[in-house]
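Beneath this line is the structure, given in structure tokens, with notes to follow.
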Amino acid sequence: MADEAVRAVGGWLSTITCLFDSILCSTLFYGYGLGLYGKIHRPGLYMIVLAIWAFQLWISPIWLARFGYGPAEWLWRSLTYGNQPTGGGLVKSISQRCDRLVLTAERWGLP
């Protein structure tokens, strides 16, 4: 179940994760930030990628344990449906969300 939770967290917060990656990496590498483009060799870039990835995997379950959606996902749903999303809010545990994910997959006949 823990392996499923780690993979599922990326999907629940995919929009904010993508935005975070874009903002952080552009700040690191473009001239308006630290301007590191072309100054870090490939092994250093791998370390940066692993650090960002580890941070996101660490913070995502903490966020989801408290809130039902990521901030960008909440905003997107609010704009799409014209009101605050329901079914979010406080979430008791990641395992409850994984159980819902597994049940949905079983209903559709997915492995």
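The values are calculated or read from the model by the stated rules, or taken from the named source; none is laboratory data. Because the structure is predicted, anything quoted here is derived from the model rather than measured. Every residue, glycine as well, gets a Cβ built from its backbone with ideal geometry; the counts of neighbours run over all protein chains shown.
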Close pairs (8 angstrom Cβ cut-off, 6 or more residues apart or separate chains): among the small types (Gly, Ala, Ser) in segment 39-67, surrounded by 13 or more Cβ atoms within 10 Å (Cβ to Cβ) anywhere: Ser60/Val9; Ser60/Gly10; Ser60/Trp12; Ser60/Leu13; Ser60/Thr17; Ala65/Val91; Ala65/Ile94
Scan of segment 64-73 for residues that are of a type in the set (A, V, I, L, M, F, W, C), at pLDDT below 80 and under 13 Å from Ser14 (Cβ atoms), ordered by number: Leu64
